[in-house]
1. Would you mind telling me which residue in Met16, Met190, Met203 has the biggest mean-square fluctuation in a Gaussian network model of the chain, where springs connect alpha carbons within a distance under 10 angstrom?
2. What is the sum of charges, Lys and Arg at +1 and Asp and Glu at -1, for the other residues whose Cβ falls under 12 Å from the Cβ of Pro231?
3. I want the local charge near Ala262. Using Cβ-Cβ distances under 12 Å, sum +1 for each Lys or Arg and -1 for each Asp or Glu among the other residues.
4. Restricting attention to the range 85-156, which GluC sites (Glu not before Pro) occupy a DSSP loop and are surrounded by at most 11 other Cβ atoms within 10 Å?
5. Which listed residue (Pro255, Gln209, Gly24) has the Cα farthest towards the positive end of the charge dipole for the chain, taking +1 on Lys and Arg C-beta and -1 on Asp and Glu C-beta about the Cα centre?
6. Relative contact order for the range 170-290 using alpha-carbon pairs under 8 Å, separation at least 6, rounded to a whole percent?
7. Given the Cα-Cα distance of Lys251 and Arg113 and 0.36 nm per residue of separation, how much length would full extension add, in nm?
8. Out of (1) 6, 27, 32, 21, 11, 3, 0; (2) 6, 26, 36, 25, 6, 1, 0; (3) 5, 22, 23, 18, 15, 11, 5, 1, 0, which label holds the value of P(r) over Cα pairs in 10 Å bins from 0, in percent that was computed here?
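Here, each number is a calculation from the coordinates, and none is a lab measurement. Just so it is clear, the structure is predicted and the values come from calculations on it, not from any experiment. Cβ placement follows ideal geometry from the backbone for every residue including glycine, while neighbour counts extend to all protein chains displayed.
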Amino acid sequence: MQRIGYIGLGRMGAAMARNLLAAGYEVTVWNRTQSRSGDLVGAGAELADSPAGLAGRVELVLINVTDTPDVESVLFGERGVVHREGKAPLTVVDHSTISPESTREIHRRLGERGIDFLDAPVTGGDIGARDGTLSIMVGGDAPVFERCRPVLESMGKKITHVGVAGTGQLCKACNQILGALNLLGVCEAMALAKKGGLDLTAMLDVTTQGAGGSWALEHLGRQIARGDLNPGFMVDLIRKDLAIVREESGKLELPLMGAPMAERLFQAASEMGHGSDGTQALSRVLEAMGKFRFVD
C-alpha cells in the first residue's frame, strides 16, 4: 500500500499523517475544518474535497476523529467513504476511540461492500504521535492486519494484533481505565504531600523511581506541580472514553468501582471549566475538595 488517505487532522491525526509523509507514502488528507490541512498540504499531501473523494484516490483510508457518530458519518454519510468512485480494493483503519459494539457493526457493514476494516486505536498522546512511538492495538482479520502492518509501523513503536473486530477498541477501553485511575492516584498522592507540607519536587523525585512510578507521575505530576494544564489529552475526551467503559461494562454485567468514580471526577473538572484542558486538570477537583492549591 503506497497511496494512503488520512481523515481527521486534530492534534493526533495531523502528527500521524506527517509521519506517513516522512516515510515516503503518497498521502491525501481531508478534515471537516479545511484550514487544518494547510501545513500538511505544504509538506506534500494532497487535499480531497470529501471522504468519498479521498477514498477514490487511495488504497488505504485511516480515520482519527472524535466519537462513534463522527466515524459513522465519514464512512456512511452523504459524501462518505462508501460512496467513492470505482470498486478498487480498499481497506479502512480506524484510529479513533469509539464503542466496541459499534465497531463490530461497522466491520460488518463495510464487509458487505467488500471493504476490509481494522479498529486500531492508539495510546501515547500527542508526544507519541509526533515522535512515531505510539502503541497501536488492532482488532480485525489477521491477513488484513499483516497487510497494513508496514504502514502502522510508520506511526507507532508497539503494534499488536489483539483479536477480532472490536477487540482493539475493547483493549483501548482497558487502557483508559488504567490511565484514569493512575492519574487519580497521582493527584491524591500529590494532594497529601502538599497539604502535609512536603515539597512536591522532592516527593516526585523519590516516587517516580519507586514501585509506584509511572508515565503519569513523571510527566503529568510535574505539570501539576507547575500549574501547567496544557493538554496532551483533554478532560472531555477521557470523559467520553470512560462513558464507553461504562456502557461496555454494563453490557457485560461487570460491576466496576474505580472507573465510574473517575468518570464523575472528570465530569466535575469539566463543569469547573476545564473540559479543554489536559487530564491533569483533575488536580483542580482535588484542590477544590481539599481547600488548597498545588501552586501557591
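1. Ranking Met16, Met190, Met203 by mean-square fluctuation puts Met203 first.
2. So the surrounding residues net to -3.
3. Around Ala262, the surrounding residues sum to 0.
4. Counting only loop positions with at most 11 other Cβ atoms within 10 Å, the GluC sites (Glu not before Pro) in the range 85-156 are Glu85.
5. Going by the charge dipole, the pick is Gln209.
6. The value is 34 percent.
7. 46.8 nm
8. (1)
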